[in-house]
Amino acid sequence: MTLLDYPSKVAATVFLGSCDFRCPFCHNFELVDGTAAPIMDDAELFSFLDKRKGLLDGVVITGGEPCLNSSLKDLIIRIKDMGYLVKLDTNGNHPDVLKDLLSENLVDYIAMDVKNSPEKYSDTCGVKIDTEVITESINLIMNSGVDYEFRTTAIKEFHTTEDFAKIGEWICGAKAYYLQQFTERDTVPDKRLSSPSAEDMEAYRQAAERYIKNVILRGL
């Protein structure tokens with residue numbers, strides 16, 4: 001259970017394996033290529049959730065990239081049928097999946113990672129990215145009517161203050177934008193990466209705040 005992953009809610013977090021990005025700063029890299037062994041099957045998951053009715057408000061579905069999972073919609077429907085709220089974490093590379101879920105009112109909160117400014121997106125993600133697809137997801141989420149946040153993990157080697165001004169312009173008018181300070185861990189693929197200073201993080205926040213009223217530092 002978590003009090004951190006779903007704002008103002010007590011939630012369980014479900015991790016789904018596989019991802020189409022190869023971010024060198026990923027904290028869940030064992031989930032990226034789908035090699036992580038399943039810890040819980042569907043029967044165990046729904047038994048867990050059934051026993052916690054009245055204790056949990058919702059379920060966070062994260063990854064990896066959940067939108068790659070062909071069973072995502074069915075999973076969410078079953079969770080919603082149990083009376084739980086659903087928060088979905090996504091990299092924004094699958095607006096078609098988001099559109100389908102939103103059209104059927106299957107998600108209550110979306111957290112989308114915005115990895116960097118558009119011109120640095122592919123380098124930051126480790127694969128070629130069509131930023132028009134990312135823009136489509138941004139617009140879809142902002143106009144969806146559901147609660148949402150955008151977030152960026154700030155890394156000294158990847159981000160500058162100018163990048164956060166460009167990100168702010170890209171998601172101008174967003175309801176909430178979280179800047180997360182990168183944390184060095186053994187599981188991160190590129191061990192050379194480092195955390196920005198607290199002063200850098202504040203500069204990043206101020207740059208984004210020119211375009212977004214609610215910019216919050218996370219992880220300091």
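May I ask you to list the residues in the range 64-85 that are touching a residue at least 40 places away in the same chain (Cβ under 8 Å) and either touching a helix residue (DSSP H, G or I) at 6+ places or on another chain (Cβ under 6 Å) or of a type in the set (Val, Ile, Thr) (or both)? Those that are touching a residue at least 40 places away in the same chain (Cβ under 8 Å) and either touching a helix residue (DSSP H, G or I) at 6+ places or on another chain (Cβ under 6 Å) or of a type in the set (Val, Ile, Thr) (or both): Gly64, Pro66, Leu72. Among the residues of the range 152-189, those that are without any contact (Cβ under 8 Å) to a residue 60 or more places away in the chain and either in a helix (DSSP H, G or I) or of a type in the set (Lys, Arg) (or both) comprise Lys156, Thr161, Glu162, Asp163, Phe164, Ala165, Lys166, Ile167, Gly168, Glu169, Trp170, Lys175. Selection of the range 190-208 for residues being under 20 Å from the mean Cα position of the chain (by Cα) and not in a loop (DSSP other than H, G, I, E, B) yields Met201, Tyr204, Arg205, Ala208. The selection criterion, being touching a residue at least 24 places away in the same chain (Cβ under 8 Å), surrounded by fewer than 18 Cβ atoms within 10 Å (Cβ to Cβ), aliphatic (A, V, I, L, M) and touching a Phe, Trp or Tyr at 6+ places or on another chain (Cβ under 7 Å), does not hold for Val114. Being at pLDDT 80 or above, hydrophobic (A, V, I, L, M, F, W, C) and either closer than 26 Å to His159 by Cβ or under 14 Å from the mean Cα position of the chain (by Cα) (or both) is a condition met by no residue of the range 41-49.
One line per residue, one yes/no per condition, for (1) small (Gly, Ala, Ser); (2) assigned to a loop (DSSP other than H, G, I, E, B); (3) surrounded by 21 or more Cβ atoms within 10 Å (Cβ to Cβ); (4) out of contact with any helix residue (DSSP H, G or I) (no Cβ under 8 Å at 6 or more places or on another chain):
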position	(1), (2), (3), (4)
Leu4	no, yes, no, yes
Ala12	yes, no, yes, no
Phe48	no, no, no, yes
Lys87	no, no, yes, yes
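Checking Ile61, Ile79 one by one, the residue that is surrounded by 12 or more Cβ atoms within 10 Å (Cβ to Cβ), modelled with pLDDT of 95 or more and within 14 Å of the chain's Cα centre (by Cα) is Ile61 and no other. Against the test of being of a type outside the set (A, V, I, L, M) and assigned to a helix (DSSP H, G or I), the options Ser137, Ser144 yield a single qualifying residue, Ser137.
The values are calculated or read from the model by the stated rules, or taken from the named source; none is laboratory data. What you see is a predicted model, and the numbers here were worked out from it, not measured in a lab. Cβ: placed from backbone, ideal geometry, glycine included. Neighbour counts: every protein chain shown.
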